[in-house]
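Peer 1: This structure is in structure tokens; I'll ask about it shortly.
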Amino acid sequence: MSDGLDPDIAALLTQSGNNASDDAGAAKNSKVSKSRSGSNKSVHEVDLSRTEFEPIEKFVNDTPSQVYNDTNYYKTTLTGENQSAQRVHQVLSKYLTCQDPKDRAVYRQQIVTAYWELLRGMVGKMANPATPMPKKMLVRFGVLLPSLFKQETKDYFSKIFFENIENEPILYVDEWFKEIASGRMGNSATDEKKQTKTANMTPEQAATAEQSRLMQLQSKNSGKLQSAENVLGIKENERRMLEVELKRAIEDLCEHNLVLGLANHTAGYTDVQRKLIPSITDLLHRLSKNDKEYSKVLEEFKEAKTTYDNVQDKINVNGGNVVSNDTEAVKIEFETVRQMAKMTVGRRGNQFPIFTREFYHCTERGTGTRENVIDVLRWIESLDPGVFHRIHKNVPNRIVPYVLLVPTYGDRGFCWEPFDRYNRVTSRGRIVVPMYPKDLKIAVLTAVADLRWQVAKEKASYYWMEEGLTGQYYQHAEQMKLKGDLKEFFIEDYILWMTKESTGVQRLDKDVRGIFWRNMPFPKELKEELRKRSLVYDELCKKDANREMSDGY
């Protein structure tokens, strides 16, 4: 693999030429994005009207990008990155030409350190539209040297959509840092961020900090506004249905037949009409209750809208959604993302950070591109419809988490935070998925299972060992005397639930199956299909029916 590569690197570094990026390829991808997305809504706005992911129409672009065919790709990537770039070049050259396994292992470890130092100075440039494409592709896919591709892999990567066509909160690393730098997205949860005193800021820094604060506030209020509007709509529909029912009952009550022989007089109420009187009274009570709830929700909606409009006005006064560059936030997030990347790989995994055919063994559909991950998430949601639901005021709100796609050779995704600690109602959680795993479906499932566990645990709060999904699972583990990380047991069982039990293959313990059946139910259609396959599922369906009859479901 290493034969002839070092001279190639040297030649690339000494070649003359500009740092022109593949702007034409990016423009083509951008055009496709505009034609397919059909919406200018920000990925940070939670659309509570959405019930599922849209099917992926196209997984790759018809027109391949030429960025990886740029003879100046390597030089463009490393130019302007100070000593860290030279360090990466030197160590990579030694690694690719070294024949001794022991020395090669040493260089491989040195590359890991040198690479992350290179990225430290590079990620802050992702918000700059003038940043060359090769630098973005390094941060996004880990592609430093196109000659490390196999030709068929190179062709595939050239067709991956550059823009977020689906307009979902699934982001590549370069996009993640762009959103952090612009202030449209807050830092991932860590220890409290040290605040710089306004008095010590330059006017530009103060303006950037204020803009960042306003945009984060706008994002938070947008979720509150949508949640309030959603509840308001539900109460309006409830009132409308009650009023229709009341009108029909009163009309039926007010209809009287003439008495035979007494043409000027009508008969009294019939037995059916007498039964309507208490039902009308009940409807009036329900309308009164609805009116109190509606009035309260309406005030909450007005307050949320006023706040949202005020923040929007301030943003417009400051120049609208002008992209700033919060370098302090980027520095903090860089350390977090580096930790995320390590966690997808694990202590004993392959920490090599650069894309190379030596370690990339994924199929096209098994690579963690945005479109492929959305397709897996769509499959998960089709089996576990409530996976992204969060209950607020007895209303389930579908809130898809941010998904960070990191270019690592890891096999497991995970949940970094179930929701924003300052906004538990409508904020997006954050999960991380490795892009080059052995099995993409399993990698995404582990992340979603972790999210499931953490949301349920936070919901139960201090009673997580007693109530809800986590409480029931904990009590099962206690009965079985399981030793180890309880969450890991849950994740493995969730994977079996989704991959085996959903197809009628029984792999879970009976108690665990019952817990999952009640707390993470399959769609009704799938339940009916499963009950035909086994008495085990038929019995669970019968228990469902019993709970519904007793109002305990």
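The values are calculated or read from the model by the stated rules, or taken from the named source; none is laboratory data. Here the structure is a predicted model, which is why all the values come from computation and not from measurement. Cβ coordinates were reconstructed from backbone atoms using ideal geometry, including for glycine residues, and neighbour counts include every protein chain displayed. Side chains included, ligands, DNA and RNA excluded: accessible areas come from the protein's heavy atoms. Shrake-Rupley method; radii C 1.70, N 1.55, O 1.52, S 1.80 Å.
Peer 1: Output the direction-averaged projected area (hull surface divided by four) of the convex hull of the alpha-carbon atoms of the range 433-553, in nm².
Peer 2: On the way: hull surface 34.6 nm².
One quarter of the hull surface, i.e. the mean projection, equals 8.7 nm².
Peer 1: Provide the per-residue ³J(HN,Hα) series for the range 142-151, in order, calculated from phi with Karplus coefficients 6.51, -1.76, 1.60 and θ = phi - 60°, each as a whole number of Hz, with x at glycine and proline positions.
Peer 2: After applying 6.51 cos²θ - 1.76 cosθ + 1.60, I find x, 7, 9, 10, x, 5, 7, 6, 7, 4 Hz.
Peer 1: To continue, here is another question. What is the ratio of the Cα radius of gyration of the range 42-101 to 2.2 N^0.38 Å, where N is its residue count, to two decimals?
Peer 2: Details: Rg = 20.9 Å, N = 60, 2.2 N^0.38 = 10.4 Å.
Taking the Cα Rg and dividing by 2.2 N^0.38 Å, one obtains 2.01.
Peer 1: Sorted by accessible area (1.4 Å probe), largest first, how do LYS178, LYS527 line up?
Peer 2: On the way: LYS178 80, LYS527 20 Å².
So the residues, ranked largest to smallest area, are LYS178, LYS527.
Peer 1: Write down the accessible area per residue of the range 240-288 in Å², having rolled a 1.4 Å probe over the full set of protein chains.
Peer 2: Numbers: 3980 Å² over 49 residues.
With all protein chains present, the range 240-288 gives 81 Å² per residue.
Peer 1: Collect residues whose amide H, placed 1.01 Å from N in the peptide plane, falls under 5 Å from the amide H of ASP420; neighbours closer than 5 in sequence don't count.
Peer 2: SER427, ARG428
Peer 1: How big is the Rg/Rh ratio for the range 297-389, C-alpha atoms only, Rh by Kirkwood, two decimals?
Peer 2: Details: Rg = 21.3 Å, Rh = 18.7 Å.
Answer for the range 297-389: 1.14.
Peer 1: Percent of accessible area on the range 62-131 owned by carbon and sulfur, 1.4 Å probe? It would help to have the intermediate numbers written out before the result.
Peer 2: Details: 1670 of 3400 Å².
C and S atoms contribute 49 percent here.
Peer 1: Using a 1.4 angstrom probe with every protein chain in place, what is the largest-first accessible-area order of LEU262, LEU377, LEU535? List each step's numbers first, then the result.
Peer 2: On the way: LEU262 90, LEU377 0, LEU535 145 Å².
Correct descending sequence by accessible area is LEU535, LEU262, LEU377.
Peer 1: Under a no-solvent Debye model with one identical scatterer per Cα of the range 243-358, what's log10 I(q)/I(0) at q = 0.10, 0.15, 0.19, 0.23 Å⁻¹?
Peer 2: Per q value, in the given order, log10 I(q)/I(0) is -0.71, -0.92, -1.07, -1.21.
Peer 1: Mind checking the log10 I(q)/I(0) for the range 97-184 at q = 0.11, 0.15 Å⁻¹? Debye, one equal scatterer per Cα, no solvent, two decimals.
Peer 2: -0.41, -0.72
Peer 1: Any idea of the accessible area per residue across the range 387-458, 1.4 Å probe, to the nearest Å²?
Peer 2: Values: 2290 Å² over 72 residues.
Each residue of the range 387-458 exposes 32 Å² on average to a 1.4 Å probe.
Peer 1: Sticking with this one: With a 1.4 Å probe and every protein chain kept in, tell me what percent of the accessible surface of the range 239-351 is carbon plus sulfur.
Peer 2: Values: 4260 of 8000 Å².
Carbon and sulfur atoms account for 53 percent of the accessible area of the range 239-351.
Peer 1: Carbon and sulfur together cover what percent of the accessible area of the range 394-553 at a 1.4 Å probe radius?
Peer 2: With neighbouring chains kept in place, the figure for the range 394-553 is 49 percent.
Peer 1: Let me ask something else. If the limit is 27 Å between Cα atoms, which of LYS178/LYS224; LYS58/LYS224; LYS150/LYS500; LYS58/LYS457; LYS459/LYS487 go over it?
Peer 2: Numbers: LYS178/LYS224 24 Å; LYS58/LYS224 33 Å; LYS150/LYS500 35 Å; LYS58/LYS457 37 Å; LYS459/LYS487 16 Å.
Beyond 27 Å between Cα atoms: LYS58/LYS224; LYS150/LYS500; LYS58/LYS457.
Peer 1: Still on this structure: Subtract the Cα-Cα distance of TRP379 and GLN83 from 0.36 nm times their separation in residues, and report this length gain in nm to one decimal.
Peer 2: Working: separation 296, 0.36 × 296 = 106.56 nm, distance 4.55 nm.
Residue separation times 0.36 nm, minus the Cα-Cα distance, leaves 102.0 nm.
Peer 1: As I understand it, the dipole of the range 68-182 uses +1 on the Cβ of Lys and Arg and -1 on the Cβ of Asp and Glu, about the Cα centre. Which of ALA85, MET126, VAL139 lies farthest toward its positive end?
Peer 2: Result: ALA85.
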